[in-house]
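The block underneath contains the structure these notes are about, expressed in structure tokens.
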Amino acid sequence: MKFIVKFAKTEYLIVILILLIGFAFYLFILTRQSLIYGIDGPYYLIQVRNLLENGQLAFGDPPLSFFLFAFFTLLAGGDLTLGVRAGVAFFSALSAVPLYFLVKKISQNRYAGYISMLACIFSAPHIRMMNDLLKNVVGACFLLFFAYYLHNMTFSSERRHKNLFLASFFLVLTGATHALDFGVALLFLGIYLALALVLKVNRRLLLKDVGIMSLVLGSFITAAFMVFPSLFSSFFKGFAFLEDLFSASGQDAPIFFLFDLRGGGLILPVLLVGVVLIVFEWRMKNKEAFLALMAVVIIGLLLSLPFIPPEWLWRFLLMEFIPIAIILGYSASKMGQKITLAIFLIIVLFPLVLQSVEASRQMGPTINENGYYELMWMTEHVIPSDSVILVDPKIGYWIQYTTRRDVARAISQNLWQSYDHVLFLIQKVHGQQHPIPPGAILPPLFDGEDFVLFELHRPPA
């Protein structure tokens, strides 16, 4: 009995240690620069600030992640940037915990679970997700808890009501956080159900449980669209606007990420390893491992189909950290000797760490610190209160966050009907002469190192 207690304590201490390592690693990456990262990083600052100041969101979006970021902001003493970063780091690291228990269960090997945690933490797609898709990070954590309890619900008749409740709970949390994570969760549910029926795994109980879960899911979706329709419109519309911004940021075309050894180069080889493991487990008649691996490989392939439109594909590829972590972790369970396992760790985890470091180096804000202070100075001294600012969409959220003014993407006569002042902000490219927009009033309202601000003449009617 003492040995069992000691073993359990050691196991969970290691899980907690890896969790803390992941949190510290992510927080270090996210706090290397003073400004929040990514094109839509300031979008989250706007949402959390508005939530804390007014009790509502500035933009319609599934709300749960913003409430969580607001909680972390309060813990950070009201520091918005630190609060959002701490929330992202926490949920990114926490995602490794359900992966541990899922991989441990299907492999019957706790070392495989540890490796899946490390593969999750040091996965380049996971780290790249933290640059822009902060809600996606939170939703992925809930998605993985859902996948774990869905697996338990499928293969375990014990604690069936607990597994059903927790699977339904985390599915709803996923839906209240992010549309893409919710879609992947539904993929897990559909694939697990179909494969379980084909393999004759707990058919009667599983159909009953999925029926109950469907009622819960239907109630959630109905309530979401009837009570808060504006918050869940992204389930239908997607994020086309933000996707266009990301495409304009000069990063690599999404499909090349699959062949980029610095980032996504492991995706296709790992999926191939998953196919080999599926064949092996089928021959061994191991239904539990076969179903779990088949589900993650199918999802991994669906997320990386090359004919998916680029504005969606780049998001889907970042979700590949889930199949990567599960397949690599399970692969470790097939290493029979300690020396073989050690070699496997070196061969697999070392490239993962290198990829994660390279991915983290590509992360950063779309304006620099001096530009941030210039925006704050303009807000206080030269930008009229009743004004709209024409600006490059890449920095649009920074302008809204710092100036608290509306922004526009194109000139139109309607702007002067709605605002007293129409301004045009240009982010300077050092070493190049900035353009003067048509209709600009000279001299500019502000001409600094990073930005130049013009007011525009009202065009003739």
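The values are calculated or read from the model by the stated rules, or taken from the named source; none is laboratory data. Everything quoted here is computed from the prediction, not taken from an experiment. In this analysis, Cβ positions are derived from the backbone assuming ideal geometry, glycine residues included, and neighbour counts consider all displayed protein chains.
A few remarks follow.
- Residues of region 364-374 include at least one that is over 30 Å from the mean Cα position of the chain (by Cα) and surrounded by 12 or more Cβ atoms within 10 Å (Cβ to Cβ).
- Filter pass, VAL429 being free of Cβ contacts under 8 Å to residues at least 24 places away in the same chain and β-branched (Val, Ile, Thr): yes
- For region 52-66, the candidate set comprises residues that are in a helix (DSSP H, G or I) and out of contact with any Leu (no Cβ under 6 Å at 6 or more places or on another chain); within that set, the residue that is surrounded by the most Cβ atoms within 10 Å (Cβ to Cβ) is SER65.
- Only one entry of SER123, SER65, SER107, SER95 meets the criterion of being more than 14 Å from the chain's Cα centre (by Cα) and polar (S, T, N, Q), and that entry is SER107.
- All conditions in (1) of a type in the set (S, T, N, Q); (2) touching an Asp or Glu at 6+ places or on another chain (Cβ under 7 Å); (3) modelled with pLDDT under 80 hold for GLN337, with the sole exception of (2).
- A single member of ILE383, ILE327, ILE308 is over 26 Å from PRO98 (Cβ atoms) and crowded, with 22+ Cβ neighbours inside 10 Å, and it is ILE383.
- Tallying residues that are of a type in the set (Ser, Thr, Tyr) and not in a helix (DSSP H, G or I) within region 86-144 yields 2.
- Yes/no for ASP181 being at pLDDT 85 or above, surrounded by 14 or more Cβ atoms within 10 Å (Cβ to Cβ), in the same structural domain as PHE91 (by TED's automatic domain parsing) and touching a Ser or Thr at 6+ places or on another chain (Cβ under 6 Å): yes
- Taken together, the residues in region 417-431 that are touching a strand residue (DSSP E or B) at 6+ places or on another chain (Cβ under 6 Å), surrounded by fewer than 19 Cβ atoms within 10 Å (Cβ to Cβ) and among the hydrophobic types (A, V, I, L, M, F, W, C) amount to 0.
- Test: residue in region 189-210 that is among the basic types (Lys, Arg), in the same structural domain as MET319 (by TED's automatic domain parsing), modelled with pLDDT of 90 or more and loosely packed, with under 15 Cβ neighbours inside 10 Å: yes
- Residues of region 67-122 satisfying the condition of being among the small types (Gly, Ala, Ser), without any contact (Cβ under 8 Å) to a residue 40 or more places away in the chain and crowded, with 22+ Cβ neighbours inside 10 Å: GLY83
- Check on GLU288, touching a helix residue (DSSP H, G or I) at 6+ places or on another chain (Cβ under 6 Å), assigned to a helix (DSSP H, G or I) and over 23 Å from ILE115 (Cα atoms): no
- Pair list, Cβ < 9 Å and 6+ apart or interchain, from region 198-215 residues that are over 9 Å from MET153 (Cβ atoms) and in contact (Cβ under 8 Å) with a residue 12 or more places away in the chain to residues that are surrounded by 13 or more Cβ atoms within 10 Å (Cβ to Cβ) and of a type outside the set (A, V, I, L, M): LEU199/LYS287; LEU199/PHE290; VAL201/THR154; VAL201/PHE155; VAL201/LYS287; VAL201/GLU288; ILE212/SER168
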